[in-house]
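**Q** Here's a structure for you.
The values are calculated or read from the model by the stated rules, or taken from the named source; none is laboratory data. Nothing here was measured: the structure is a model prediction, and the numbers come from that model. Note that each Cβ is placed from the backbone with ideal geometry, even for glycine, and that neighbours are counted across all protein chains shown.
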Amino acid sequence: MHAVERNVRADQSMPGSNDDDLLAKLNVKMFSYNELATATHNFNYQSVLGEGSFGPVFKGELEATGQLVAVKVLNPEGLQGNEEFMMEVVMLSRLHHPNLIKLIGCCTEEEHRLLVYEFMPLGSLNERLHDFDHTTPEMAPLDWNTRMEIAHSVAKAFNYLHNEARPPVVHRDLKPDNILLGEGFHPKVSDFGIAMFGPSDDDSRIFTDSVMGVRAYSAPEFSNTGEVTTKSDVYSFGVVLMELITGLRALDVHREKHYLADWVHYKLTNCELDIVSLADPRMNGQFPEDIFRKAINVGLNCTEDDPKLRPSMKDVVRTMDNFKYERRVVVAPDQGRGESSGESTEAHLPLSNFISPETKLAATLWGRKGQISPLNTNPYKKA
Ligand SMILES: Nc1ncnc2c1ncn2[C@@H]1O[C@H](COP(=O)(O)OP(=O)(O)OP(=O)(O)O)[C@@H](O)[C@H]1O
Ligand SMILES: [Mg+2]
């Protein structure tokens, strides 16, 4: 195994290269500043959708086509700069998947740097999960199926980035703020500003001296040494999955263990608790218990300290495909019977190969609480 010790981001930022030439080669649609000012009613504060480390994001409507868009405006005083801007454009011009945000174009007029995306009407997963006003029925908390559909789709997007994109891409900033929701809660992964091209074979390792992203979602080896592999994204995915399942925030300084992944591992390893007690109470116990246990197991596997023990995103997708099959049987037994293929529900569970001794112990503890067959369980049993 050889180590490639370098700051890949610096290499990738293409310092000195002519950004306009590159943008022309990428065939990116270029907007004038005026077009985007018109689209956003002159960047009116009433059109602001949110603000991140890049700068404010405005809702807009393109005059020429009537298309709704989100316009992200680089704040020159902000934490991100031209390097992140170019990386976002480079990545999103070459990556295409139903669960990745679409970049419609950009603007590089004079000192301005603006990014134009498709508009995602339901905002970010973070808002839906944590910040949302749940007082009206249409703003109800996310139900179990929606949470699992979101996680499954995000897993597919990451399987594409890691295993289908050439060279593979490590996103490095997976968190609920960067999962945007369209109609029907169709999720799309956004924000490739700090993404990197990952090692294309298992023998090379990449280190970066710019440890970015949010600590609560960062794999330990990345936070400690700056090592970047696709397994760093797998860790972040595990944290997001735990957040979806528990409804808890990834970071809470008032919690026994501040980071959610540490807390869930700690609770399930050291405390004799019923795994179902980890469920977000806002789901009112409306979930199939057996799939719930498996989903937590995926979260635990993905957040193993040792990256080698974590599954690949391909393994995660296959396991979650199986959830879908099982869920059909569990949730609607009458309708589901006709659809059953007779396929073993345990057919795709490669994750068990990666389970550490601690996780095995936790799994044994849950088993003692009674593992329930998907075929004879009331999926909506109250917790
Ligand atoms: N395409 C979009 N459609 C609809 N809303 C969007 C879109 N892109 C961003 N937003 C909104 O703007 C907010 C800010 O997004 P942005 O990506 O700039 O920051 P962030 O993800 O919250 O933080 P960070 O800078 O750490 O990534 C999002 O939380 C979301 O509410
Ligand atoms: Mg974002």
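**Q** Quick one: which strands (runs of 3 or more DSSP E) lie wholly within region 159-237 and hold at least 1 residues that are more than 16 Å from ligand 1 (Cβ to nearest atom) and modelled with pLDDT under 85?
**A** On the way: elements: 179-181, 187-189, 204-207.
Those strands (runs of 3 or more DSSP E) span 204-207.
**Q** Separate question: Residues being more than 10 Å from ligand 1 (Cβ to nearest atom) and touching an Asp or Glu at 6+ places or on another chain (Cβ under 9 Å): count how many of those fall in region 104-121. Show your work before the answer.
**A** Filtering region 104-121 down to residues more than 10 Å from ligand 1 (Cβ to nearest atom) leaves 105-114.
Within this subset, residues satisfying the condition of being touching an Asp or Glu at 6+ places or on another chain (Cβ under 9 Å) are 106-108.
Qualifying residue count for the region: 3.
**Q** Further question: Please go through region 45-64 and give me each residue that is away from ligand 1 (no atom under 15 Å from the Cβ) and at pLDDT 95 or above, ordered by number. First the steps, then the outcome.
**A** Narrowing region 45-64 to residues away from ligand 1 (no atom under 15 Å from the Cβ): 63-64.
Listed by number, the list holds a single entry, Glu63.
**Q** Something else: I'm checking my understanding of the structure. Among residues of region 59-84 that are within 16 Å of ligand 2 (Cβ to nearest atom) and over 17 Å from Lys102 (Cβ atoms), which one is surrounded by the fewest Cβ atoms within 10 Å (Cβ to Cβ)?
**A** Pass one, region 59-84, residues within 16 Å of ligand 2 (Cβ to nearest atom): 59, 69-75, 78-81, 84.
If we keep only those that are over 17 Å from Lys102 (Cβ atoms) as well, we get 73-75, 78-81, 84.
Working: Val73: 21, Leu74: 21, Asn75: 16, Gly78: 15, Leu79: 12, Gln80: 20, Gly81: 15, Glu84: 24.
So the residue we want is Leu79.
**Q** A further question follows. Find the residue count for region 23-44, including only residues that are within 16 Å of ligand 1 (Cβ to nearest atom) and surrounded by 14 or more Cβ atoms within 10 Å (Cβ to Cβ). Let's see the steps before the verdict.
**A** Residues of region 23-44 that are within 16 Å of ligand 1 (Cβ to nearest atom), as a first pass: 29, 31, 36, 39-40, 43-44.
Imposing the further condition that a residue be surrounded by 14 or more Cβ atoms within 10 Å (Cβ to Cβ) reduces the set to 31, 36, 39-40, 43.
Residues flagged as within 16 Å of ligand 1 (Cβ to nearest atom) and surrounded by 14 or more Cβ atoms within 10 Å (Cβ to Cβ) within region 23-44 amount to 5.
**Q** State whether the residues of region 130-141 include one that is part of a loop (DSSP other than H, G, I, E, B) and within 12 Å of ligand 1 (Cβ to nearest atom). Steps first, please.
**A** Of all residues in region 130-141, those part of a loop (DSSP other than H, G, I, E, B) come to 132-136, 140-141.
If we keep only those that are within 12 Å of ligand 1 (Cβ to nearest atom) too, we end up with 132.
Taking every residue of region 130-141 in turn, at least one turns out to be part of a loop (DSSP other than H, G, I, E, B) and within 12 Å of ligand 1 (Cβ to nearest atom).
**Q** Just give me the residues in region 26-58 being in contact (Cβ under 8 Å) with a residue 40 or more places away in the chain, of a type in the set (Gly, Ala, Ser) and within 16 Å of ligand 2 (Cβ to nearest atom), in sequence order.
**A** The answer is Gly50, Gly52.
**Q** May I ask you to list the residues in region 149-178 that are of a type in the set (A, V, I, L, M, F, W, C) and surrounded by fewer than 20 Cβ atoms within 10 Å (Cβ to Cβ)? Talk me through it step by step, then tell me what you get.
**A** Start the filter on region 149-178 by keeping residues that are of a type in the set (A, V, I, L, M, F, W, C), which leaves 150-151, 154-155, 157-158, 161, 165, 169-170, 174.
Ala165, the sole residue that qualifies.
**Q** Can Leu115 be described as outside any helix (DSSP H, G or I) and surrounded by 21 or more Cβ atoms within 10 Å (Cβ to Cβ)?
**A** Judged against the criteria, Leu115 is a match.
**Q** Run down Thr108, Thr146 and say which single residue is assigned by TED's automatic domain parsing to the domain that holds Gly285 and either over 14 Å from the mean Cα position of the chain (by Cα) or within 16 Å of ligand 2 (Cβ to nearest atom) (or both). Steps first, please.
**A** On the way: Thr108 fails: assigned by TED's automatic domain parsing to the domain that holds Gly285.
So the residue among Thr108, Thr146 that is assigned by TED's automatic domain parsing to the domain that holds Gly285 and either over 14 Å from the mean Cα position of the chain (by Cα) or within 16 Å of ligand 2 (Cβ to nearest atom) (or both) is Thr146.
**Q** Read through the list (1) more than 30 Å from Glu289 (Cβ to Cβ); (2) at pLDDT 95 or above; (3) among the basic types (Lys, Arg), then give the number of the only condition that Arg94 fails.
**A** Arg94 satisfies all of (1) more than 30 Å from Glu289 (Cβ to Cβ); (2) at pLDDT 95 or above; (3) among the basic types (Lys, Arg) except (2).
**Q** Answer yes or no as to whether Arg94 is more than 9 Å from ligand 1 (Cβ to nearest atom), over 17 Å from Ser32 (Cβ atoms) and of a type in the set (Lys, Arg).
**A** Numbers: more than 9 Å from ligand 1 (Cβ to nearest atom): yes; over 17 Å from Ser32 (Cβ atoms): yes; of a type in the set (Lys, Arg): yes.
Taking the combined requirement at face value, the residue satisfies it.
**Q** Please go through region 122-138 and pick out each residue that is away from ligand 2 (no atom under 16 Å from the Cβ) and under 26 Å from Lys72 (Cα atoms). So that I can check it myself, show each step before the final result.
**A** Initially, region 122-138 is screened for residues away from ligand 2 (no atom under 16 Å from the Cβ), giving 132-138.
Scanning region 122-138 gives Phe132, Asp133.
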